[in-house]
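The values are calculated or read from the model by the stated rules, or taken from the named source; none is laboratory data. For clarity, every value in this text was computed on a predicted model and none was experimentally measured. Cβ atoms come from the backbone with ideal geometry, glycine included; neighbour counts cover every protein chain shown. The protein model used for the area step is the full one, side chains on, heavy atoms only, and it has no ligands, DNA or RNA in it. Shrake-Rupley method; radii C 1.70, N 1.55, O 1.52, S 1.80 Å.
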Amino acid sequence: MASYLWKKVLLAVPTILGITLIAFILLQLAPSDPALVSLTLDGTNAPTIDEIQIKRHELGLDKPYIEQYTDWLKGLLHGNWGNSYITNEPVLDMLITASFVTVLLTVFAVLISMSIALPLAIILVMSSHKTIRTSVELISIFIATVPSFWLAMVGIHIFAENWSLFPTNGYDSLYSLVLPAIVLAIPVTGNLIRVQRISLEEVRSMNYILFAKAKGLPIWHIIYKYMIRNSIISVLSLLGNYSRSLLGGAVVVELIFSLPGLGSAVLQAIQLRDYPMIQGYIVIMGIITILVNIVIDLLYVWLQPEISIGGTHES
Amino acid sequence: MNHKFGFGFWASVGILFIFLAISIVSCFWTPHDPMKVAISNVLMEPSSEYLLGTDSLGRDILSRLMLGSRISISFGILAAFLTMTLGLILGVASGYFGGWVDYGIQSVVYLFQGIPGYAFMIAITGILEPSMFSLTLAVVITSWTSFAQMIRGEVLAVKSKPYVKSVIVLGATPFYCIRHYIMPTVIPLALTLLMMRISTTILLVASLSFIGLGIQPPLADWGIMVQEGMTYYRTFPRLVYIPGIAIILFCGCLNYIGERLRGYYL
């Protein structure tokens, strides 16, 4: 299992390199000149050509591209991700503080969606009402298409303003993450219920379940010990997908709820043309994604040891 | 899925047709000019003249909804179609030829999968100034990988079947084999995936427009309409509810149909 882990980590390195390359190329394609941008940020300066030249030299923009790229890479590895054009703080620190909030939000959202979806799916599987099942299937498909920004606004209007159950925005405590997490979790829950139900039904038709029932084991025992354990696998890959998209897609929700996470940080950076920040954002999102991938793979291996013996692993 | 498509399926198809019809009609006629600002008419209640009321700049909501349908749906179809083309070409190449071609394409896929889609889309549209081009580029770059992977899986499955193997042994050129054997199986799957991709694209574009990085005002798009309605949400919630329901309805029906078709073909 250790070698499996090492292979994954090794594969991560060229991927991250590739991501940095993409981030660098993307920024070179930007229409504005970073030197001009950083000089005119406060809106009052009208820099002369000489000042712009000096700034370009200072930012290292007149070096050949390869050298700029390798310099930036070296800086990345040493923890120097550049300073933000706006606040002049190190980009890495700003990104790490922001990623705490985003990661917490994502974890909450995943927990909430699992805790709603799993019991619902079990109830669905155990009941034999055909109309209930088809209607829940229909509802969950439509729930999965609710746009998050719309849901966020509706959620704020109903729960935070009219009923005052949650704070409307800001990040005062962990509690203020609850409503955003619910909003993020709802589209995910729709799909999760469906996949969970399909997988539970597959398990239920297995022989060992019949045997357990014949032995006289209580139903809760059967559900807990056998059905949940065996159906988690297919759910895991879905959760992996969702963790990745939640991490990136929390942007809009963070904006609406004014949470100081990665999403609002990068939006602000884009609006103010804060290029070092945008570059750092792409790289850190790549790193977080790869970490999430590794965690999911580890969970796979832990839950089903057959996979680690080098069987076909479909990505 | 073992039985024919039921009521839900055809009802969804019907709803989709209604939306498409509205979009096409909006090319020629809308109740009022969707871009015409009339400050004297702001925020009016639904009346016989303005069937859904007016928005904060006095524009007729129904007309903007129709225009938004046209723009959202046509952009969604275009971007999803481009994604499908790219994913199809690379998926078939990767699955059929195998070897170095497969290895190369798979590494590119792995690289692109390492970047979270939404974050990358924001970065692309933010850096390259929001425009039709950057929007299309962002959508295609982030969505083609899942397409290519599924197509590749299907191609591999078909290629291992005995009748395909025998045709190859008999000396069929790759082109012949792909065209007559692989495509008939792969195309239905691709079309099904296309439907779901259209719905995802529309959602993505709507949320990008909401942030301001997608379709730019004064063009209408469901996302922009929600954003414009945000300021007046508390007193005039219908400004937000109406485009939102349009999105949910259209994309939900697309997804439902896509799921049913997928169950039918797989």
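Descriptive notes on the structure:
- Residue in segment B:75-92 that is assigned to a loop (DSSP other than H, G, I, E, B), farther than 17 Å from B:SER23 by Cα and open to solvent by 50 Å² or more (accessible area, probe 1.4 Å) present: no
- Segment B:118-130 - residue that is in a loop (DSSP other than H, G, I, E, B) and without any contact (Cβ under 8 Å) to a residue 60 or more places away in the chain and, of those, surrounded by the most Cβ atoms within 10 Å (Cβ to Cβ): B:LEU128
- In the set (1) within 12 Å of chain A (Cβ to nearest Cβ); (2) in contact with a Ser or Thr (Cβ under 7 Å, 6 or more places away or on another chain); (3) assigned to a helix (DSSP H, G or I), B:MET196 fails one condition alone, (2).
- Residue in segment A:161-192 that is surrounded by the most Cβ atoms within 10 Å (Cβ to Cβ), counting only those that are within 13 Å of chain B (Cβ to nearest Cβ) and closer than 19 Å to A:GLY240 by Cα: A:LEU184
- The residue that is most open to solvent (accessible area, probe 1.4 Å), among those in segment B:34-45 that are free of Cβ contacts under 8 Å to residues at least 60 places away in the same chain and part of a loop (DSSP other than H, G, I, E, B), is B:LYS36.
- Single unsatisfied condition, B:ALA148 versus (1) touching a residue at least 60 places away in the same chain (Cβ under 8 Å); (2) open to solvent by 30 Å² or more (accessible area, probe 1.4 Å); (3) over 15 Å from the mean Cα position of the chain (by Cα): (2)
- Given (1) facing another protein chain (nearest Cβ under 9 Å); (2) at pLDDT below 85; (3) within 24 Å of B:SER134 (Cβ to Cβ); (4) open to solvent by less than 10 Å² (accessible area, probe 1.4 Å), index of the condition B:TRP222 fails: (2)
- Qualifying residue in segment A:61-70 (condition: basic (Lys, Arg), under 24 Å from A:LEU272 (Cα atoms), free of Cβ contacts under 8 Å to residues at least 60 places away in the same chain and not assigned by TED's automatic domain parsing to the domain that holds A:LEU236): no
- Test: residue in segment A:209-221 that is of a type outside the set (Ser, Thr, Tyr), closer than 29 Å to B:GLU259 by Cβ and open to solvent by less than 70 Å² (accessible area, probe 1.4 Å): yes
- Look at (1) in contact with a strand residue (DSSP E or B) (Cβ under 9 Å, 6 or more places away or on another chain); (2) closer than 30 Å to A:SER99 by Cα and you find that B:ALA123 fails only one, number (1).
- Output for segment B:244-253, where each listed residue is open to solvent by less than 10 Å² (accessible area, probe 1.4 Å) and at the interface with chain A (Cβ under 8 Å from one of its Cβ atoms): B:GLY244, B:ILE247, B:CYS251, B:GLY252
- Single match in B:THR201, B:THR173 (criterion: open to solvent by less than 60 Å² (accessible area, probe 1.4 Å) and not aliphatic (A, V, I, L, M)): B:THR201
- Output for segment A:238-254, where each listed residue is open to solvent by 30 Å² or more (accessible area, probe 1.4 Å) and in contact (Cβ under 8 Å) with a residue 60 or more places away in the chain: A:TYR242
- Identity of the residue in segment B:58-71, open to solvent by 10 Å² or more (accessible area, probe 1.4 Å) and in contact with a helix residue (DSSP H, G or I) (Cβ under 7 Å, 6 or more places away or on another chain), that ends up nearest to B:ILE248 (Cα to Cα): B:LEU65
- Filter result for B:THR185 (part of a helix (DSSP H, G or I), in contact (Cβ under 8 Å) with a residue 12 or more places away in the chain and open to solvent by 10 Å² or more (accessible area, probe 1.4 Å)): yes
- For B:SER107, the stated conditions hold: it is within 14 Å of another protein chain (Cβ to nearest Cβ) and farther than 30 Å from B:ILE22 by Cα.
- Members of segment A:255-265 found to be open to solvent by 10 Å² or more (accessible area, probe 1.4 Å) and of a type in the set (A, V, I, L, M, F, W, C), listed by number: A:LEU255, A:ILE256, A:ALA265
- For segment B:225-237, a tally of residues being touching an Asp or Glu at 6+ places or on another chain (Cβ under 9 Å) and open to solvent by 10 Å² or more (accessible area, probe 1.4 Å) returns 5.
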